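Everything on this sheet refers to the single structure shown next.
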Amino acid sequence: MNTVVDVLSWICLLAGGAFCMVGALGLVRMPDFYTRMHAASVTETAGAGLMLLGMLLQAGFSLVAVKLVMIGLLLLFTSPTATHALARAARARGLEPLLASGEDPSKR
Amino acid sequence: MFVAGAVALLIALALALARAILGPTVFDRLQAANTVGTLAMLMLAVLGFLTGRPEFLDLALVYGLLNVVGTIAVLKFFRYGNLGDPGEAAEEAERRA
């Protein structure tokens, strides 16, 4: 039973780490600000969630688990808020999204 | 296994840092700073497990709170030009009155 939980938590930790790296890679490789924001959200949802889940499985029922859940809830509330504010501020500042060539935004 | 997670987080941190340095707009840098904050939270949690000191989780919580407040504050500054601006909602209320 213990081994099963251990293996599950390792899988979660590794997958979380992979998602964090993928998100950060997207942050570097994507062509414009709005797509980069999209890529970065992978880090904040899948990456952070899976890593916290992995640590939660290791912690068992304890105060540590409660703190991990608090961190997860904090992330769930704050990261969409920050992303929304960021997108809105960028749009208000006149940062235009990169469109496919030949597309005219005024004709939609 | 925590070591593997920590290494993955370090690589992700380096990539986010690269974006923060490359820019090109201030919003890219802010997005990178936000990502670095999230990754640092996770890093603190993993480090706590790695060294067997779960008190690090408290630091992660505080770091997360400061991170979001910092991002919103800097965003407000870059949107309105000063931090004391009442913002959109107040303007809207004024227009209605």
Residue match in the range A:44-63 (condition: closer than 19 Å to A:Y34 by Cβ, at pLDDT 85 or above and either facing chain B (nearest Cβ under 7 Å) or buried (at least 20 other Cβ atoms within 10 Å of the Cβ) (or both)): yes
Breaking point among (1) facing chain B (nearest Cβ under 10 Å); (2) surrounded by fewer than 16 Cβ atoms within 10 Å (Cβ to Cβ); (3) in contact with a helix residue (DSSP H, G or I) (Cβ under 9 Å, 6 or more places away or on another chain); (4) of a type in the set (A, V, I, L, M, F, W, C), for A:L27: (2)
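Select, from B:D58, B:D28, the only residue that is under 29 Å from A:A65 (Cα atoms) and in contact with a Lys or Arg (Cβ under 9 Å, 6 or more places away or on another chain).
Answer to the selection: B:D58.
Determine if the range A:72-84 includes at least one residue that is at pLDDT 85 or above, closer than 21 Å to B:A18 by Cα and more than 7 Å from chain B (Cβ to nearest Cβ).
The answer is yes, given that some residue of the range A:72-84 is at pLDDT 85 or above, closer than 21 Å to B:A18 by Cα and more than 7 Å from chain B (Cβ to nearest Cβ).
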Lone unmet requirement of (1) surrounded by fewer than 16 Cβ atoms within 10 Å (Cβ to Cβ); (2) free of Cβ contacts under 8 Å to residues at least 60 places away in the same chain; (3) under 26 Å from B:V68 (Cβ atoms); (4) of a type outside the set (D, E, K, R) for A:M1: (3)
Condition broken by A:A82, with the remaining ones in (1) without any contact (Cβ under 8 Å) to a residue 24 or more places away in the chain; (2) surrounded by fewer than 17 Cβ atoms within 10 Å (Cβ to Cβ); (3) assigned to a helix (DSSP H, G or I) satisfied: (2)
Given (1) more than 10 Å from every other protein chain (Cβ to nearest Cβ); (2) in contact with a helix residue (DSSP H, G or I) (Cβ under 8 Å, 6 or more places away or on another chain), number of the condition A:S41 does not satisfy: (1)
Set B:V36, B:V7, B:V68, B:V74: member being in a helix (DSSP H, G or I), within 8 Å of chain A (Cβ to nearest Cβ), buried (at least 16 other Cβ atoms within 10 Å of the Cβ) and among the hydrophobic types (A, V, I, L, M, F, W, C): B:V68
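So, B:L15, is that one at the interface with another protein chain (Cβ under 9 Å from one of its Cβ atoms) and surrounded by fewer than 16 Cβ atoms within 10 Å (Cβ to Cβ) or not? Spell out the reasoning first.
Numbers: at the interface with another protein chain (Cβ under 9 Å from one of its Cβ atoms): yes; surrounded by fewer than 16 Cβ atoms within 10 Å (Cβ to Cβ): no.
Here the answer is no, as B:L15 does not meet what is asked.
The values are calculated or read from the model by the stated rules, or taken from the named source; none is laboratory data. These figures come from a predicted structure and were not determined experimentally. A quick note on method: Cβ atoms are made from the backbone with ideal geometry, for glycine too, and the neighbour counts reach across all protein chains shown.
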